[in-house]
Structures are given as structure tokens and as C-alpha cells.
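Just below is one structure, and these are the notes that go with it.
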Amino acid sequence: MPGPDRTAWLRRKPVTAMAAETGADAGREGGDLKRSMGLGQLAAIGIGSTVGTGIFFVLSEATPEAGPAVVLSFVIAAITAGLTALCYAELASAVPVSGSSYSYAYATLGEAAAMAVAACLILEYLVSSAAVAVGWSEYLNALLEATIGIRFPDALSGAPGAGGVFNLPAVILVVLCTLLLIRGVSESARVNAVMVIIKLGVLLLFVGIAFTAFNVDNFAEFTPLGFGGVGAAAGTVFFSFIGLDAVSTAGEEVRDPRRTLPRALMLALVTVTAIYLLVAVSAVGAQPWNEFEGQEAGLAAIMGEVTGSAWPGIVVAAGAVISIFSVTLVTMYAQSRILFSMSRDGMLPPLLSRVNPRTLTPVPTTVIVGVAVAILAGLIPLDVLADLVSVGTLVAFSVVSIGVMVLRRTAPDLPRGFRVPGYPVTPILSIAACVYLISGLQWITLIVFVLWLGVALVFWAFYGARHSRLRASAQETSEEESS
């Protein structure tokens, strides 16, 4: 079977075509998504998918890599996320559709690049949903043990390689999120907004109590593992900033997207960064850095040590259970919308862009995402999942920054609700920061990522390139011109 023709690699989807597809008169068999979210709900999606992942359990992974300088690792990751968020804000205001950086790459770099970015996003959201579900399992056990004295058996609380056989609590969480997403985006957004308020309250409670036990001596040897450790930890904690990307996946379900998307991105970034730094500083100040390694339900354990009583740890564990539920909900939502966009473009089977006429949600896609996440969450350990999420996120973020520069040249007059300040320095710095963080990840992670990317491009060559709606449209135009 011959491969795709040479022009297929570079064919780009016009922004005007993307905008037309989001209208009520698009006339597609699958149907359209419903514009029902405002600024508050959209910002809550960004905060909800971000605050919780890093703070509630990745801190225990990153602090042993950097020591007290893990605070600096969060600053580096936040700067990288901030530079990228500015680029996202411009593209989201110019191309306000579902699909996030996949759609942006399709409009700016071409079909093959879009498929590669889609592979990054699938890795990012599929694996991150599983990773946070695994973390939820740890906190649920901590909460059950502290309140009613029972917990799930070890064999049913961890994946093979992590002391267990199957992570049942993680799978239960995924099933609950899948059912809620099937009901509708408005219901999911309202539930998420409530969870965001609860989690911010719990984290601020942690900060207040942890600062009462703050010991400046815990920062005396600030970089015990050198700046190489700071960079490695920054790559690990960057996993915590994927919520910014989740905001842009909701482009077709937001009212007034050209104004709302950029504002929601900036609001989410500022809130997330402030919370992360407060919790990181107070946690390291309350507990020596070398005690973080291997610590399950870390923030709850710190609260117990600081206060000498059980109730603060119970509150934090309960907050984490609620918080990580919202993270899983949003990352699964984002994954389903990316697959929806790809299917609508012909890059995946048409079943994945079918919308339920009653709930106006892509039910088949949501169910498939739920099954895939449940398998990963039940069988793969947390440390393996976290680094894979980081590399997928960073590559996708780099493409967004490149896309800003390409679209400025190819469509300078395209309406934009937001423009990147300091252009072109800002997107260049964003790319450089992403490359720096990628360089700090383990080589085995990069090898797995390259293999995954190769599989995705092979799939595109044998399916996506042949079923692409752009290809079909080009053929129709050619036939009309020749007749």
C-alpha cells in the first residue's frame, strides 16, 4: 500500500474552515458541542486540572531530586508555563475551537505535525488522568484509615511493580468521572467549580498550619544535589501545569471564546503559581527535604506531624480526594475533546466525533477514554506515568510557541483577541525553556516517547492521511475544476 503523497505532510487546515465547523449550520452527521461555559467555569477547569496533580503527590517525587531547591524548580516550571500560556492565549483567541495545540498545529504547521502533536496530547492527557487517579488511591486509603480504620488491601491499592496487583480505587474514580462527563459539560463544569473552591480552601489551611512549624534551617543546604537536580525536578513538576492546555481544549464550549479563553488562561496561571509556591515553601519549611522520599499522601502526613493530632491530616486527605477527583474529571474531558476534533478531521474513525443529541456530549469518545485510563491506572505505577506526561506536555507546548510565529507570518490580519507581548522574544524563550526541561528527563522516558511518536505517524500514514477531510475536499475541488 503506497504511503501518503508528498503534499499530505504539509497540508494545512484553514482557520476559516475551523471556525465554520463550530457553527450551528455546519451540518455534520456527528453534531455540535454546546457553548455553555463562562469565564469563571473555564478558569476553574484550568485550576481544577492543575492544582492537585503536583502539590498533592508529585512533591514527594520532586523534593528528593532537588532538596529544598524544589521551590526553585517550581519557579522554573511556572516561568515556562507562563511563557507558553501567553502563546496559548494568542492562538486560543485566533483559533477558538476544540483540540488545543492539535488544532493549532493543523492550522500552522501541517497535517503530519498535527498528528505528532496529537500523539503528545493523547500521551499527556491519557497518562496524566491515570497518574492522578493513582495518586487519588493513596489519599483515599489515608482518609479511610484515619476515619473508619479500614483501607483497601495492598493487592488492590497498587499496580504491579508498586506492591500490588490492581489499583481498584483508581479505577473506581475513572468510572465515576466517565459517568459524570457523559451527563453533560454544564454539569461537569459546575461540579468541578465546587471542587476547586474546596481544594483551594484545604490547601490554604495546610499552608497556614505548616507555617506554624516553619524551620528556616530546613533551607540551610539549599541545593544539596546541585543545579542538575533542580532542572530534573523542574521537569518532573512541570507535570503539574497541564491544566493550562486543558483550558484551550474547551474552545467550542465557551461563550465569547476570543475574549474568554485568554482571560481564563491568565487567571488560572496566576492562581496555580501562587498556590504551588505557597505550599512548596511551607511544606519544605515544616519537614526536612530528605523525609519526602517514598512518603504516601505526603501533605496529610506532614499535617499529622506538625499538629500531633489526626484531624488536620484527615481534612487534607479529604481535600485531596475531592481535589484529585476534579483533576481526573478535567483531564479526561480534555482528552475526549481532542479525540473528537481529530475524528471530525478524518484522522480517527467517525465514531469518535458522534455527539449524543440529548446531552450534546461525545459519548463514544468519553467511554473509550474512560476504559483506556482505567487500564493504565489499574496496572501502571505512578513514577513511570509522571515523566511520560511531562515530555508529552513540553513538546506540545513547544509546538504552540512555534505556531504563534508561523501564524503571525501566514495570517497577519487574522482577528486576535490577545497578542503575545514581547514578540518574537517570548515564544522563542518559551521554546528554549521547554527544551531545557525536556533535557532533564530520564533517557528511557525519551526513548518511549520517540517510539510512541513513531507509532502515531505510521498510523497517520496508513489511516489519517487517506481519510483526512482536507484530502477529500482537495479531491472534490480538483474534480470540479477538471469537469
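The values are calculated or read from the model by the stated rules, or taken from the named source; none is laboratory data. Everything numeric in this text was worked out from a predicted model, so none of it was measured. Quick reminder, even Gly has a Cβ in these numbers, built from the backbone with ideal geometry, and neighbours come from all protein chains shown.
Can you tell me which condition Asp217 does not meet? The list is (1) touching a helix residue (DSSP H, G or I) at 6+ places or on another chain (Cβ under 7 Å); (2) surrounded by fewer than 15 Cβ atoms within 10 Å (Cβ to Cβ), and all the others hold.
Failing condition for Asp217: (1).
Of all residues being at pLDDT 85 or above and surrounded by 18 or more Cβ atoms within 10 Å (Cβ to Cβ) in the range 181-199, which is nearest to the chain's Cα centre (by Cα)? Just the residue, please.
Checked the range 181-199; the qualifying residue nearest to the chain's Cα centre (by Cα) is Leu181.
Name the residues in the range 439-454 that are surrounded by fewer than 20 Cβ atoms within 10 Å (Cβ to Cβ), assigned to a helix (DSSP H, G or I) and in contact with a helix residue (DSSP H, G or I) (Cβ under 8 Å, 6 or more places away or on another chain), would you?
Answer for the range 439-454, where residues must be surrounded by fewer than 20 Cβ atoms within 10 Å (Cβ to Cβ), assigned to a helix (DSSP H, G or I) and in contact with a helix residue (DSSP H, G or I) (Cβ under 8 Å, 6 or more places away or on another chain): Ser439, Thr445, Leu446, Val448, Trp452, Leu453.
So, in the range 420-454, exactly how many residues are free of Cβ contacts under 8 Å to residues at least 12 places away in the same chain and either more than 28 Å from Ala89 (Cβ to Cβ) or within 20 Å of the chain's Cα centre (by Cα) (or both)?
Selection size over the range 420-454: 6.
If the requirement is being buried (at least 23 other Cβ atoms within 10 Å of the Cβ) and touching a residue at least 12 places away in the same chain (Cβ under 8 Å), which of these qualifies: Leu351, Leu329?
Leu329
Take the residues in the range 296-318 that are of a type in the set (Val, Ile, Thr) and over 20 Å from Ala133 (Cβ atoms), then tell me which one is surrounded by the most Cβ atoms within 10 Å (Cβ to Cβ).
Ile302
Mind listing just one residue for me: the one in the range 139-161 that is crowded, with 18+ Cβ neighbours inside 10 Å, among the small types (Gly, Ala, Ser) and touching a residue at least 24 places away in the same chain (Cβ under 8 Å) and, of those, nearest to Ser323 (Cα to Cα)?
Ala142
Among Val389, Val373, which is modelled with pLDDT of 85 or more, touching a helix residue (DSSP H, G or I) at 6+ places or on another chain (Cβ under 9 Å) and either buried (at least 17 other Cβ atoms within 10 Å of the Cβ) or of a type in the set (A, V, I, L, M, F, W, C) (or both)?
Every option except Val373 fails the conditions.
Using beta carbons and a limit of 6 Å, which pairs, at least six apart or on different chains, have the first residue in the range 59-73 and on the phi > 0 side of the Ramachandran plot and touching a residue at least 12 places away in the same chain (Cβ under 8 Å) and the second one assigned to a helix (DSSP H, G or I) and among the aromatic types (Phe, Trp, Tyr)?
As it stands, the answer is Gly67/Trp289, since those pairs meet every condition given.
Out of Ala220, Ala232, Ala300, Ala213, I need the residue that is of a type in the set (A, V, I, L, M, F, W, C) and under 27 Å from Phe325 (Cα atoms). Which one?
Among Ala220, Ala232, Ala300, Ala213, only Ala300 is of a type in the set (A, V, I, L, M, F, W, C) and under 27 Å from Phe325 (Cα atoms).
In the range 289-336, what residues are more than 19 Å from Asn141 (Cβ to Cβ), of a type in the set (A, V, I, L, M, F, W, C) and either in a loop (DSSP other than H, G, I, E, B) or more than 26 Å from the chain's Cα centre (by Cα) (or both)?
If the condition is that a residue be more than 19 Å from Asn141 (Cβ to Cβ), of a type in the set (A, V, I, L, M, F, W, C) and either in a loop (DSSP other than H, G, I, E, B) or more than 26 Å from the chain's Cα centre (by Cα) (or both), then Trp289, Val306 are the ones that fit.
Being at pLDDT below 85, outside any helix (DSSP H, G or I) and either more than 30 Å from Asp217 (Cα to Cα) or of a type in the set (S, T, N, Q) (or both) narrows it down to one of Ser93, Ser98, so name that one.
Just a single option satisfies the conditions, and that option is Ser98.
Give the residues of the range 409-434 that are among the hydrophobic types (A, V, I, L, M, F, W, C), modelled with pLDDT of 90 or more and assigned to a helix (DSSP H, G or I), sorted by residue number.
Val425, Ile428, Leu429, Ile431, Ala432
Looking at Val207, Val202, which one is touching a helix residue (DSSP H, G or I) at 6+ places or on another chain (Cβ under 6 Å), within 17 Å of Leu59 (Cβ to Cβ), at pLDDT 90 or above and assigned to a helix (DSSP H, G or I)?
Within the list Val207, Val202, the selection yields Val207.
Determine which single condition Ser430 fails, assuming it passes every other condition in (1) within 18 Å of Leu244 (Cβ to Cβ); (2) touching a Lys or Arg at 6+ places or on another chain (Cβ under 8 Å).
Going through (1) within 18 Å of Leu244 (Cβ to Cβ); (2) touching a Lys or Arg at 6+ places or on another chain (Cβ under 8 Å) one by one, Ser430 breaks only (2).
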